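Undergrad: There's a structure below that I have some questions on.
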Amino acid sequence: MANSDNHRTLPHIALLPSAGMGHLMPFLRLAALLSSHNCTITLITPTPTVSAAESTHLTTFFSSHPHIRRLHFPIPPFDSSSTPINTDNPFFICWSQISQSLPLLSPLLSSLSPPLSVVLSDFAASMSFSQLADHLSIPYYVVFCSSARFLSLFASLPSLNLGGIEDYVEIPDLPPLPKSSLPPPLFNPNHFFTWSAISNINSIFPQSQRNVFKYL
């Protein structure tokens, strides 16, 4: 009976990766790490995946980690009318599909047992997932699958002027970043990647907290 009681007190953590191997692999490593520290782990897997590589890695991962739970999350077809910026990139479309479908995830998360202690999502889904977590009254954290410097750049995007003639971008508490090192879509405010990044940043970082390196 003591072991059963202890099991019920273990933290139950749900993780939601986004589309793309660069987003999936950090979540698989994080899920395995948290599981090794006596956490109950539920990995939410939006389906279908964009690439066969993602599907293969997920199958291999769950075979190697049978104690980690898999929550299948079928996502409906892309509704282009729900986003102000259109795209034909399959990964960006999947990001949008996941965000659009998150309200459907609410009853699935509510029915998990034991109840969730915390949820983590990829940055690409943070705008919608933060609203879902608030609705369910579950603590929520964002996983950013890149460097702290890149996160600081993203956090500054809403106020940056990338259209100027300067060769460098000034970000608080960082050396100047050469514009030549930035992803080209960031220079186009009407690109889906840029629109998505700014929308997600605005949802998780109040204006007063956008100096990321201040908190590291």
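The values are calculated or read from the model by the stated rules, or taken from the named source; none is laboratory data. This structure is a prediction, so every number in the text was calculated from the model and none was measured. Every residue, glycine among them, receives a Cβ derived from its backbone with ideal geometry; neighbour counts consider all protein chains shown. For accessibility, only protein heavy atoms count, side chains too; no ligands or nucleic acids. Shrake-Rupley method; radii C 1.70, N 1.55, O 1.52, S 1.80 Å.
Undergrad: For the structure I just gave you, tell me whether Ser159 is free of Cβ contacts under 8 Å to residues at least 60 places away in the same chain and open to solvent by 40 Å² or more (accessible area, probe 1.4 Å). Step through it out loud before you land on a result.
TA: On the way: free of Cβ contacts under 8 Å to residues at least 60 places away in the same chain: yes; open to solvent by 40 Å² or more (accessible area, probe 1.4 Å): yes.
So Ser159 fits the description; yes.
Undergrad: Another one. Do we find that Ser152 is modelled with pLDDT of 90 or more and touching a Leu at 6+ places or on another chain (Cβ under 9 Å) in this structure?
TA: Details: modelled with pLDDT of 90 or more: no; touching a Leu at 6+ places or on another chain (Cβ under 9 Å): yes.
Judged against the criteria, Ser152 is not a match.
Undergrad: In addition: Inside the range 10-22, can you point out the residues that are farther than 17 Å from Leu132 by Cβ and surrounded by 23 or more Cβ atoms within 10 Å (Cβ to Cβ)? Break it down into steps so the answer makes sense when it comes.
TA: First pass over the range 10-22, keeping only residues farther than 17 Å from Leu132 by Cβ: 10-11, 19-22.
Result: Ala19, single match.
Undergrad: Can you spot a residue in the range 105-123 that is in contact with a helix residue (DSSP H, G or I) (Cβ under 7 Å, 6 or more places away or on another chain), open to solvent by 60 Å² or more (accessible area, probe 1.4 Å) and either more than 16 Å from Ile13 (Cβ to Cβ) or not in a helix (DSSP H, G or I) (or both)?
TA: Narrowing the range 105-123 to residues in contact with a helix residue (DSSP H, G or I) (Cβ under 7 Å, 6 or more places away or on another chain): 105-106, 109-110, 114, 116, 119, 121-123.
Next, only the ones that are open to solvent by 60 Å² or more (accessible area, probe 1.4 Å) stay: 110.
Still in the list and also either more than 16 Å from Ile13 (Cβ to Cβ) or not in a helix (DSSP H, G or I) (or both): none.
No, the conditions are met nowhere in the range 105-123.
Undergrad: Right, next: Kindly indicate the residue of the range 164-177 that is open to solvent by less than 80 Å² (accessible area, probe 1.4 Å) and closer than 12 Å to Leu153 by Cα and also modelled with the lowest pLDDT among those meeting that condition.
TA: Narrowing the range 164-177 to residues open to solvent by less than 80 Å² (accessible area, probe 1.4 Å): 164, 169, 171-172, 174-177.
Within this subset, residues satisfying the condition of being closer than 12 Å to Leu153 by Cα are 169, 171-172, 174-177.
Details: Val169: 87, Ile171: 84, Pro172: 79, Leu174: 84, Pro175: 88, Pro176: 88, Leu177: 88.
Taking the candidates together, the pick is Pro172.
Undergrad: Failed condition for Leu58, given (1) closer than 19 Å to Leu33 by Cβ; (2) in contact with a strand residue (DSSP E or B) (Cβ under 8 Å, 6 or more places away or on another chain); (3) exposed (fewer than 14 other Cβ atoms within 10 Å of the Cβ), with all others met?
TA: For Leu58, the exception is condition (3).
Undergrad: I would also like to ask the following. Among Gln131, Gln100, which is the only one that is surrounded by fewer than 17 Cβ atoms within 10 Å (Cβ to Cβ), under 29 Å from Asp79 (Cα atoms) and of a type in the set (S, T, N, Q)? So that I can check it myself, show each step before the final result.
TA: Values: Gln100 fails: surrounded by fewer than 17 Cβ atoms within 10 Å (Cβ to Cβ).
Step by step, each of Gln131, Gln100 is checked, and only Gln131 is surrounded by fewer than 17 Cβ atoms within 10 Å (Cβ to Cβ), under 29 Å from Asp79 (Cα atoms) and of a type in the set (S, T, N, Q).
Undergrad: When you check Leu71 against the structure, is it in a helix (DSSP H, G or I), within 19 Å of Leu109 (Cβ to Cβ), under 20 Å from the mean Cα position of the chain (by Cα) and of a type outside the set (Gly, Ala, Ser), yes or no?
TA: Numbers: in a helix (DSSP H, G or I): no; within 19 Å of Leu109 (Cβ to Cβ): yes; under 20 Å from the mean Cα position of the chain (by Cα): yes; of a type outside the set (Gly, Ala, Ser): yes.
Here the answer is no, as Leu71 does not meet what is asked.
Undergrad: Do the conditions hold for Asp134, that is, is it touching a Phe, Trp or Tyr at 6+ places or on another chain (Cβ under 8 Å), in a helix (DSSP H, G or I), more than 24 Å from Asn86 (Cβ to Cβ) and of a type in the set (D, E, K, R)?
TA: Against the criterion (touching a Phe, Trp or Tyr at 6+ places or on another chain (Cβ under 8 Å), in a helix (DSSP H, G or I), more than 24 Å from Asn86 (Cβ to Cβ) and of a type in the set (D, E, K, R)), Asp134 qualifies.
Undergrad: Note down all Cβ pairs under 6 Å where the first residue falls in the range 40-61 and is of a type in the set (Phe, Trp, Tyr), the second is open to solvent by less than 50 Å² (accessible area, probe 1.4 Å), and they're at least six residues apart or on different chains.
TA: Phe61/Leu28
Undergrad: Sort out which residues of the range 33-45 are touching a strand residue (DSSP E or B) at 6+ places or on another chain (Cβ under 8 Å) and either part of a helix (DSSP H, G or I) or open to solvent by 20 Å² or more (accessible area, probe 1.4 Å) (or both), and write them in order of number.
TA: Once the filter is applied, which keeps residues that are touching a strand residue (DSSP E or B) at 6+ places or on another chain (Cβ under 8 Å) and either part of a helix (DSSP H, G or I) or open to solvent by 20 Å² or more (accessible area, probe 1.4 Å) (or both), the range 33-45 yields Leu34, Ser35, Cys39.
Undergrad: Let me ask another. From the list Ser117, Ser121, Ser126, Ser101, exactly one residue is polar (S, T, N, Q), in contact with a His (Cβ under 7 Å, 6 or more places away or on another chain) and under 19 Å from Leu71 (Cα atoms). Which is it? Break it down stepwise before answering.
TA: On the way: Ser121 fails: in contact with a His (Cβ under 7 Å, 6 or more places away or on another chain); Ser126 fails: in contact with a His (Cβ under 7 Å, 6 or more places away or on another chain); Ser101 fails: in contact with a His (Cβ under 7 Å, 6 or more places away or on another chain).
Checking each option against the conditions leaves just Ser117.
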